[in-house]
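First up is the structure itself, then whatever we jot down about it.
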Amino acid sequence: MKTIKKLFLFTVFAITTIGFAQETITNESVVQMVELGFDDYMIIDKINTSDVKFDASISALGEMKNAGVSSEILSLIMEKSKQNTKSKTGIYFTDASGEDKLVQPSVFSGANSNAVAQKLVSGLINSKQKAQLPKTQSNNIIRQSQPEFTFIFDPSVTEVDNMQNNQGSDSGIFNWWFRMASNPNEFVLVKLTVKEKKNLREVITGKESWITSSSGIDPKYALNFAIEEIEGNKFKVTPDSLEPGEYCFIYQGQVPQGRDNQSVFDFSIQ
């Protein structure tokens, strides 16, 4: 009877393997195999011979444990999560097709409003520094009000290793934000103001008067987001519910010598 059961499971495993052949093994795939009654050694073999994309956050591991996934398999998932497709530094979101998409940095131009009026009245009027992005909509379109982002940092990599993101067209300026920063708290999330007539999006990045000046995003405009550490250099970032509109993450940490923080990581909620 035991031999018949093993033969049955092997047959189901072979059929399921064909079904999984064209896809990456995920948390859901593992739970499905557990529910089908596969032995641990069969699931482990499948994980070790497949492309994987695991969520090894505490909440995800807890859900899998409650679904009956063994500690041995959970340990393997934690190890394999370091080899996920999303291995390069940057900010990622999951698009409508379920694919992980990198949020490329968008270069902004600067503008100074009220500058002329400020001079005419001896600086009594504040002027505002603004970051302006071309077009009224981001190329990164997200069709859910509470998306999940993945931030991946790696302060150990070199510039040669980390050339996948360029700032603008200058190939000498690399993806330094995720080497300087160590967690998402060094970024701020803001909603962009859309200027239809000017065909642009903008956000206030500083204020100046004849007495004082300030730079950076005013805290009252910063939007809340939750952070969950997946592993040492990888974090899950979930904003509070976002209404339709244009948004961006802006780096607010230390800028290395020779670099200009002239980019934001923008996206559109629809």
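The values are calculated or read from the model by the stated rules, or taken from the named source; none is laboratory data. Keep in mind that what you see is a predicted model, and the values were worked out from it rather than measured. So basically every Cβ, Gly included, is an ideal-geometry build from the backbone, and we count neighbours across all protein chains shown.
Observations on the structure shown:
- All of Asp51, Asp45, Asp40, Asp55 fail the test of being in contact (Cβ under 8 Å) with a residue 60 or more places away in the chain and either of a type in the set (Ser, Thr, Tyr) or outside the structural domain of Trp176 (by TED's automatic domain parsing) (or both), apart from Asp55.
- The listed residue being exposed (fewer than 13 other Cβ atoms within 10 Å of the Cβ), in the same structural domain as Asp55 (by TED's automatic domain parsing) and at pLDDT 75 or above, out of Glu79, Glu99: Glu79
- Within region 28-54, being within 29 Å of the chain's Cα centre (by Cα) and of a type in the set (Phe, Trp, Tyr) holds for one residue alone: Phe54.
- Looking across region 164-186, the residues that are surrounded by 13 or more Cβ atoms within 10 Å (Cβ to Cβ), part of a loop (DSSP other than H, G, I, E, B) and at pLDDT below 50 come down to Asn165, Asn166, Ile173.
- Selection of region 219-265 for residues being within 19 Å of Gly206 (Cα to Cα) and surrounded by 19 or more Cβ atoms within 10 Å (Cβ to Cβ) yields Tyr247, Cys248, Phe249, Ile250, Tyr251, Asn261, Ser263, Val264, Phe265.
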